[in-house]
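The values are calculated or read from the model by the stated rules, or taken from the named source; none is laboratory data. Fair warning: this is a prediction, and the values are worked out from it, not measured in the lab. Quick reminder, even Gly has a Cβ in these numbers, built from the backbone with ideal geometry, and neighbours come from all protein chains shown.
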Number of protein chains: 2
Amino acid sequence: ALREFIVQLLQPSEALFAGQHIVITAGPTREAIDPVRYLSNHSSGRMGFALAAAAQQLGAQVTLIAGPCQLTTPAGVKRVDVVSANDMANAVDEVIADADIFIGCAAVADYRPEIAVTQKIKKSQDTMHIELVKNPDILAKVAARDNPPFTIGFAAETHDVVNYARGKLERKHLAMIAANDVSNSDIGFNSDDNAMTLLWRDNAGEIQQTQLARAAKQTIAEQILRHAAQIKNNY
Amino acid sequence: ALREFIVQLLQPSEALFAGQHIVITAGPTREAIDPVRYLSNHSSGRMGFALAAAAQQLGAQVTLIAGPCQLTTPAGVKRVDVVSANDMANAVDEVIADADIFIGCAAVADYRPEIAVTQKIKKSQDTMHIELVKNPDILAKVAARDNPPFTIGFAAETHDVVNYARGKLERKHLAMIAANDVSNSDIGFNSDDNAMTLLWRDNAGEIQQTQLARAAKQTIAEQILRHAAQIKNNY
């Protein structure tokens, strides 16, 4: 009886996603310029880690593919650490085949330096320029698979947030997108709180949207997942 | 008697730098590309924070000017947080006039994007380039003051370490430079340990050097400071 009790305690609190594998990317990526310098962005990884924790609590098997961030892995979550967008794309490729849901929450660098030099660049000139090439679009690649998982994107924008999110949902053939305004420093990148607009395509192909009011990232994460489960079941 | 005992406990353990003000820069700087993207480098700030802790222990009044890093301020140290190289240069300007020793341990970004745009850049092209302009050389500016503090630089290099450090010592008119090889991942940027070559100019104008064997950054920090005190007293 004690054994059963302990097993019970270790069970997720709810089995909304029982038997489902959810793959989540989180954090920034870093794109090497040379051995000491890099390009990156202000993503803290907190929203992606909150999603991983909530998905595990809701009964999913969770793989969290994380760029460089100083956060503790949620209990019961399998974490894969990566640095660059290319690393992240490879890590996603390795686990995506059996994923039921993919959540691209990482702030993947859009571009990387064309050539990452192996020796530190010396500053000899008054100006310098870095040639950048586009990184793989992990989210679009996942959504374009033959038998894609339910694919959720994020749009962290500084202006015209909902319009841009709608365009991204359509262009990348996503199932759902969560948009937030990072120009408001009370929510978003390095904040504990977030507020979101969710957009998704309904059965009739119409784009629907709903607001998630400002709340702790953990609360927002659970709301996004419950919403996703409902839409996914209606398909 | 109890009061004296407590005052005693709160005293630094040694008064090598009693009455002296030591200004230390630490960590990386971040140079904004737009509101979400930036250029930075792999400095953890640990060496600079270790120097600040050791300097305080050795009786100095310490101002620590720190770029973005997730480290605890050493007890008794005044910390000023900055983001970009320009911020750091301004923070140094504000406190440098009465400094006895300046230690430029920060990995200041050599270049910053010419224009940091206020809206997030959209990825519309396959390639992109960033124009960079040179940042102020904080270390050289401090050493070039009319009545400069004893100015210590750092050289974190991936190749030809000692030769480059010697060139930097001469070119920037430093009193001393501490050089390390960051291509060895056991020491340097994100390691707990470090190993250094110290170079300085003696009374006869000759460049001297000595090796500090691999040790914890705290130990290396104390060795650098004791060495600096000795050279400074011999001038």
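Which residue is nearest to the other protein chains (Cβ to nearest Cβ), if the candidates are limited to the range A:21-39 and must be touching a Cys at 6+ places or on another chain (Cβ under 9 Å) and on the phi < 0 side of the Ramachandran plot? The extreme case among them is A:P28. B:A54 passes every criterion in (1) closer than 23 Å to B:D193 by Cα; (2) modelled with pLDDT under 95; (3) more than 14 Å from chain A (Cβ to nearest Cβ) apart from (2).
Would you say A:K141 is at pLDDT below 95, basic (K, R) and surrounded by fewer than 23 Cβ atoms within 10 Å (Cβ to Cβ)? Judged against the criteria, A:K141 is not a match. Scanning the range B:90-116 for residues that are in a strand (DSSP E or B), crowded, with 23+ Cβ neighbours inside 10 Å and not β-branched (V, I, T) yields B:F102, B:G104, B:A107, B:Y111, B:R112. Against the conditions (1) of a type outside the set (D, E); (2) assigned to a loop (DSSP other than H, G, I, E, B); (3) more than 14 Å from chain A (Cβ to nearest Cβ); (4) surrounded by fewer than 23 Cβ atoms within 10 Å (Cβ to Cβ), B:F17 satisfies every one except (4).
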